[in-house]
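First the structure, then my questions, so here it is.
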Amino acid sequence: MPANANLINVVILLAVMFICYLFVLIPILIYYAIQHMRSPQLILLSEEEAVDYYDGKCRVESDWARTRQFAEVGVFRRQQNFILVWEHVDSATFFQVTLSPYGRIHHFTTVFEDDYSLLTANDRESLIFPLPPRRFVQSFGIEQLELLHEKHQAGVADLLRLKHLELCRELPEFEESYLASMQQQHDHVRSVFFYPIRGIWWYHIDRRAKFNRPIDLQQAVLDN
């Protein structure tokens, strides 16, 4: 009998912990993640410090970028993350590598005229939040840069063909573009009623459903 009582207590404790995780911790994390977007800051590292990242920690990415005509922009620090940035003016595309305490993330972002953009990443976190109008995001579990770049180029080609978009004639400054994008994302999520609670669905269901899937072109044409 005592053994059964202990087992029941353990089950109840686990159930309470799960409910707290689902309905308390996740909304809190969503809330603070959005709060951190409210006034984002980037700190540009000196050229001497940047060399250690371009030619040291991210040598593989640097070598790949050079072969694809991406030029170095700089290395930025945001909180605990370090963001290495390259730009390809001919295709209006930024390539960035984010080094965080949790791993390494790759992004390609192409900028179109009229404030449209497409971001292709290899992490699920890029898919958590609902997107502001004219922004498209897709993410794949792909570590190979060439394959991820091909996925991105395919998405760009689809948007050019179906939406009749035009590539941005001149890339904006990365820092300006990055901070504006964060602020726009912050404002859009804050406009969603009960967004910390809605975040439970976004975090557990939405980001998993969208992962490894290209952007929904039909929906993109209808909604934007």
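Show me, for segment 71-85, the HN-Hα J-couplings you get by feeding each phi into the Karplus relation (A = 6.51, B = -1.76, C = 1.60, θ = phi - 60°), rounded to Hz, glycine and proline as x.
Working through the residues one at a time gives 9, 5, 9, x, 10, 10, 10, 10, 6, 8, 9, 10, 10, 8, 10 Hz.
Further question: Using the Karplus curve 6.51 cos²θ - 1.76 cosθ + 1.60 with θ = phi - 60°, work out ³J(HN,Hα) for each residue of segment 165-180 in order, rounded to whole Hz, and write x for Gly and Pro.
Calculated HN-Hα couplings, in order: 7, 10, 4, 4, 5, 9, 4, x, 4, 4, 4, 4, 5, 5, 5, 5 Hz.
Subtracting the Cα-Cα distance from 0.36 nm times the residue separation, let me have the gained length for residue 154 to residue 39 in nm, one decimal.
Result for the pair: 38.1 nm of gain on full extension.
Report the calculated FRET efficiency for residue 144 and residue 180 (r = Cβ-Cβ distance, R0 = 30 Å), to the nearest 0.05.
0.50
Given Cβ point charges of +1 (Lys, Arg) and -1 (Asp, Glu) and nothing else, what value in debye, to the nearest 20, does the dipole of segment 1-221 about its Cα centre take?
So the dipole magnitude of segment 1-221 works out to roughly 1140 debye.
Starting from the Cα of residue 173, step 7 Å along the direction of its Cβ; do the same at residue 200; then give the gap between the two resulting points in nm.
4.3
If you count the DSSP beta bridges with both ends in the chain, what percent of them are antiparallel, to the nearest 5?
Among the beta bridges of the chain, antiparallel pairing accounts for roughly 85 percent.
Would you work out if segment 150-224 is rounded, prolate or oblate? Take a ≥ b ≥ c from the square roots of the eigenvalues of the alpha-carbon gyration tensor; rounded if a/c is under 1.5, else prolate when a/b is larger than b/c, oblate otherwise.
Oblate, since a/c reaches 1.5 and b/c is not below a/b.
Tally Lys/Arg at +1 and Asp/Glu at -1 over every other residue whose Cβ is under 13 Å from the Cβ of residue 203; what's the total?
+3
Which FRET efficiency value, to the nearest 0.05, do you get for residue 166 and residue 68 by plugging their Cβ-Cβ distance into 1/(1 + (r/R0)^6) with R0 = 22 Å?
0.50
Here's a follow-up. Just to confirm my numbers, what's the Cα centroid distance between segment 45-63 and segment 129-170 in Å?
Spelled out, the Cα-based centre of one part sits 26 Å from the other.
Where does the chain land at 222 nm, in deg cm²/dmol rounded to the nearest 500, when only DSSP H runs of n ≥ 4 count, each adding -39500 (n - 2.57), divided by all residues?
The helix-only estimate for the chain comes to -13000 deg cm²/dmol at 222 nm.
Here, each number is a calculation from the coordinates, and none is a lab measurement. A quick note: this is a predicted structure, and the numbers were derived from the prediction, not measured. All Cβ positions, even for glycine, are placed from backbone atoms using ideal geometry, and neighbour counts span all protein chains on display.
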